[in-house]
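Enquirer: The following block contains the structure, expressed as structure tokens.
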Amino acid sequence: MLKSKTITVTEDKQPGTDELDEKNEAPLPEQIQRFLSPEEEKDIIRRVQIGDVAAFEDLVNAYKQKAYYVALGFVGNHEDALDLSQDAFVKAFKAIKTFDLNSPFFPWFYKIIKNHCLNYIKKNQRVRNDSLEELEEETFAQFEDERPDPRDVYADSETRHQLWRAIDQLKPDFREIIIMKHFHNLSYKEIAEALNIPIGTVMSRLFNARQELRELMKDVLD
């Protein structure tokens, strides 16, 4: 069972220099995640930017699961993913005054998580651990979506496992865009903003990634 830590902002420190406190709580995948509307998100960030430190916890609660799975996708290790996603919230909090309120929060935050994870991997010369089953089980449980996507073909656990094996064989930019689109349900525009590439590049890269994934899964599909 995965264990998570609550991330809260202490109110007795000045905005921009605060650190996030941690304490043990119930397993992360079992928590109910309340997604924010664009209006709620903008209002919360505006409050944080003008000094309402406690409001940042609303952002943490809305995105901590998603942040964890993004980090897990990069490092493939539960404990590292927890630590790195929590560190990313600290970095986001310190940089929140630079955030453009006319933009969605998650693509901006995704860049912070990604850069932090890549720096960690580079610094520690770590390779991704083989924890695909963990990523597979939790991602399927957390980010259900009614829209048709590649997951629909892989109903049973064995083929889902084969799917994740195939995804792990994709080159990093293909693997990343498949997960962003089909497991984090980001729009083309959000992916473009997060990766700092044109929407046309998002579409072509996703097309090529799907083609390569389909080729890797051809024995299952046939």
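The values are calculated or read from the model by the stated rules, or taken from the named source; none is laboratory data. These numbers were taken from a predicted model, which means no experiment stands behind them. Here Cβ is always computed from backbone atoms with ideal geometry, including for glycine, and neighbour counts include all displayed protein chains.
Enquirer: Quick check on Phe93: is it part of a helix (DSSP H, G or I), closer than 19 Å to Glu193 by Cα, outside the structural domain of Lys181 (by TED's automatic domain parsing) and modelled with pLDDT of 95 or more?
Expert: Considered against the rule, which asks whether it is part of a helix (DSSP H, G or I), closer than 19 Å to Glu193 by Cα, outside the structural domain of Lys181 (by TED's automatic domain parsing) and modelled with pLDDT of 95 or more, Phe93 comes out as no.
Enquirer: Look through segment 16-40, keep the residues that are of a type in the set (Asp, Glu) and under 18 Å from Lys91 (Cβ atoms), and return whichever of them is modelled with the highest pLDDT.
Expert: Step by step, filter segment 16-40, then rank; the result is Asp21.
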